[in-house]
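The values are calculated or read from the model by the stated rules, or taken from the named source; none is laboratory data. Owing to the predicted nature of the structure, the values given are computational and were not obtained by experimental measurement. Here the Cβ positions follow ideal geometry from the backbone for every residue, glycine too, while neighbour counts run over all protein chains shown. Only protein heavy atoms, including side chains, enter the accessible area calculation; ligands, DNA and RNA are left aside. Shrake-Rupley method; radii C 1.70, N 1.55, O 1.52, S 1.80 Å.
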Amino acid sequence: MFDTHAALTEVLAGFNDFSIEYDHGKVQRLAESGDRTLVPRVQAGLERSLDEENFFGVEVLAQVLAGILGPRAFPLLLRAIARPIHHDWDGLSATLADLMGADPVGCRATAVSFATERHTDLRRAGLWALGYVVTPEDFDLLEAALRDPDVEVRGDALGAMSSLRDDPRALAAMRGVLQDPAPWMRDLAARILAGPTAP
């Protein structure tokens with residue numbers, strides 16, 4: 001019989017003891033276990049990994065939490081990706097994208113709530129997530145974010161707005177970004193407006 005708590009103890013220990021070999025199968029079984037009694041320990045481990053900037057630990061525990069809770073894990077993991085840590089969250093981003101694919105309506109509501117936060121990092125996380133689940137109803141929110149003083153906020157808003165490129169309002173707004181004071185924003189807008197190119 002698979003002892004989920006013992007398995008989680010081994011996985012947590014492996015984050016700081018490289019003599020313990022990473023067991024992908026064990027992590028997968030934890031994610032598929034449905035054992036909600038693990039959630040407090042997984043959340044605590046996730047917070048500890050974030051504090052220690054243990055990127056591997058964050059991505060593994062995010063996978064476990066998403067597996068156990070499904071889309072209910074989305075707010076917790078979106079808050080994790082909002083941490084101002086200089087790291088490309090490829091694994092965490094993929095986990096969040098899977099959750100948004102499973103429940104686009106519920107995750108969009110969370111993304112919108114984050115995107116209207118005053119805290120810049122939370123706002124950026126929400127705008128990033130909207131790129132996956134955006135609807136035309138979000139146009140006004142994104143248009144306002146495109147005028148934000150923070151260029152990173154404007155960049156995340158532009159990324160989300162690009163998912164509305166079939167909406168004439170979005171095209172007009174993105175053309176306006178061609179006058180943005182930041183050169184990289186102007187370049188990004190030009191590439192988006194040019195559309196996909198053939199390989």
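Residue-level check: of (1) open to solvent by 30 Å² or more (accessible area, probe 1.4 Å); (2) within 13 Å of the chain's Cα centre (by Cα), G126 misses just (1).
One residue stands out in segment 156-174 among those that are touching a Leu at 6+ places or on another chain (Cβ under 7 Å) and outside any loop (DSSP other than H, G, I, E, B): the one that is nearest to G131 (Cα to Cα), namely A160. Out of the residues in segment 155-199 meeting the condition of being of a type in the set (K, R) and touching a helix residue (DSSP H, G or I) at 6+ places or on another chain (Cβ under 6 Å), tell me which one is farthest from A111 (Cα to Cα). Only one residue tops the list, namely R186. Could you tell me whether F56 is over 20 Å from G131 (Cα atoms) and open to solvent by 60 Å² or more (accessible area, probe 1.4 Å)? It is true that F56 is over 20 Å from G131 (Cα atoms) and open to solvent by 60 Å² or more (accessible area, probe 1.4 Å). For beta carbons closer than 9 Å, sequence separation of 6+ or different chains, a first residue in segment 149-168 that is among the basic types (K, R) and a second that is surrounded by 17 or more Cβ atoms within 10 Å (Cβ to Cβ) and part of a helix (DSSP H, G or I), the qualifying pairs are R154/A145; R154/V177; R154/M185; R165/M174; R165/I192.
Just give me the residues in segment 149-165 being more than 16 Å from V112 (Cβ to Cβ) and among the charged types (D, E, K, R), in sequence order. Within segment 149-165, D150, E152, R154, R165 meet the criteria. If you filter segment 59-78 down to residues that are open to solvent by less than 30 Å² (accessible area, probe 1.4 Å) and of a type in the set (G, A, S), you find that the one that is farthest from the chain's Cα centre (by Cα) is G70.
Yes or no, residue by residue, for (1) touching an Asp or Glu at 6+ places or on another chain (Cβ under 6 Å); (2) open to solvent by less than 60 Å² (accessible area, probe 1.4 Å); (3) of a type outside the set (G, A, S); (4) farther than 16 Å from A82 by Cα:
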site	(1), (2), (3), (4)
L122	no, yes, yes, no
L158	no, yes, yes, yes
S163	no, no, no, yes
P183	no, no, yes, yes
L188	no, yes, yes, yes
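Inside segment 1-43, residues that are surrounded by fewer than 19 Cβ atoms within 10 Å (Cβ to Cβ), among the β-branched types (V, I, T) and closer than 19 Å to D98 by Cβ make up a count of 1. Here is a check on your reading of the model: is D140 at pLDDT 95 or above, part of a helix (DSSP H, G or I) and surrounded by fewer than 17 Cβ atoms within 10 Å (Cβ to Cβ)? In short, yes.
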